[in-house]
């Protein structure tokens, strides 16, 4: 049984990846607006986004929220040493908190990393200590790295060559 050929995005796919990094238009049909900007149909952009997702190139599309505008003025990054056999159990406990985001596993002695955001530092610490109590992880096995200064870096990748000409369409 042979493996399918790897997905090779064409220039239209790359143009879609570029526009998805911009602000989505706040209109009733944002995909149609982006498609028109690219000179393709709404159905084509949706089909292509689906193929990009199936190929593992797009993981998801979600808003980037400014937490301070939502009243969340304190945050910390936490790293935990977790026994391998408990990673899934402890990750599920951590993920059950609405104040937690970016819960992910690393191949490191500190195997689970996550952020907590709350109204103030006291609330962040209360949540962290509740998580440690519920999981049985000791303070000695936790790194608490509170946000001292928030720096937002707007990282965007340019997928099209600098002097690309007309967008070419791939096979339908």
Candidate set: the range 30-85, residues that are surrounded by 13 or more Cβ atoms within 10 Å (Cβ to Cβ) and modelled with pLDDT under 85; chosen: the one farthest from the chain's Cα centre (by Cα):
73
Got a sec? Which strands (runs of 3 or more DSSP E) wholly within the range 39-145 have at least 1 residues that are touching a residue at least 40 places away in the same chain (Cβ under 8 Å)?
74-80, 112-118
State which residue is surrounded by the fewest Cβ atoms within 10 Å (Cβ to Cβ) when the search covers only the range 1-24 and only residues that are at pLDDT 90 or above and not in a helix (DSSP H, G or I).
10
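The values are calculated or read from the model by the stated rules, or taken from the named source; none is laboratory data. What you see is a predicted model; the values in this text were computed from it and never measured. Here Cβ is always computed from backbone atoms with ideal geometry, including for glycine, and neighbour counts include all displayed protein chains.
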